[in-house]
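Trainee: One structure, as structure tokens, below. Some questions next.
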Amino acid sequence: MAQPVQQSVIESLQAAGLCPRLHLNSRHPGVVIPEFIRERFKEHLIIDLDPAWPLNLDFDAHDGVFADLAFAGQVTRCTFPWRSIFAVVDRATDRGVVLEDNMPTQIRQLLASQGRTASLRPVQNAPGVGDDPPAEPRPMAVAVAAAPEPAPEPEPAPELEAAAPEPEVEPEKPVEEAKAEKRRAAFKVIDGGE
């Protein structure tokens, strides 16, 4: 079975050091996410696969994308079937791919009523996506803000300890002087009798 285009784009973005952003239908059968997220975002959930977080990202040719994601401080093992993902883009530039066959009817109708299409600028060098951007690139017409993550609790400031005074360091002696002192220390002084 050929690799799904969504996986190809995700891996290409990651290989380029970019953050893949998934646009998906959270109500699609097989999507596993917290219920309050499904209710809030309905047919258009945006998920950033930020490599700075421990996602434990995994792909299955039949079942889709699996990732550990945090929602309201709770980590959930999420599942996104390939048919639920209708766009994969770079978070910073919105370059990516749209799979119109996977797009929810409501989003497609909304775009049609506004006389727009869900065209994206292709990701550079992504397999199956194309290598050259179109002459007039258009940003995705259905972009929606992602769910705000709660701000992390600030960590209490560590107690500052008084810095111990640094020991005084004698300046280094010139090499010749150090050798002379070493030779002098080797001699014993014998107090002779007079």
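The values are calculated or read from the model by the stated rules, or taken from the named source; none is laboratory data. Source: prediction; values computed, not measured. Every residue, glycine among them, receives a Cβ derived from its backbone with ideal geometry; neighbour counts consider all protein chains shown. Note: areas computed on protein heavy atoms with side chains; ligands, DNA, RNA excluded. Shrake-Rupley method; radii C 1.70, N 1.55, O 1.52, S 1.80 Å.
Trainee: Within 15 Å of the chain's Cα centre (by Cα), under 22 Å from residue 111 (Cβ atoms) and surrounded by 19 or more Cβ atoms within 10 Å (Cβ to Cβ), is that true of residue 91?
Mentor: For residue 91, the condition - within 15 Å of the chain's Cα centre (by Cα), under 22 Å from residue 111 (Cβ atoms) and surrounded by 19 or more Cβ atoms within 10 Å (Cβ to Cβ) - is not met.
Trainee: Just wondering, is there one or more residues in region 126-136 that are part of a loop (DSSP other than H, G, I, E, B) and modelled with pLDDT of 50 or more?
Mentor: No, that holds for no residue.
Trainee: Do you know which residues across region 94-125 are open to solvent by less than 60 Å² (accessible area, probe 1.4 Å), among the hydrophobic types (A, V, I, L, M, F, W, C) and modelled with pLDDT under 90?
Mentor: Passing the criteria: 107, 111, 118, 120, 123.
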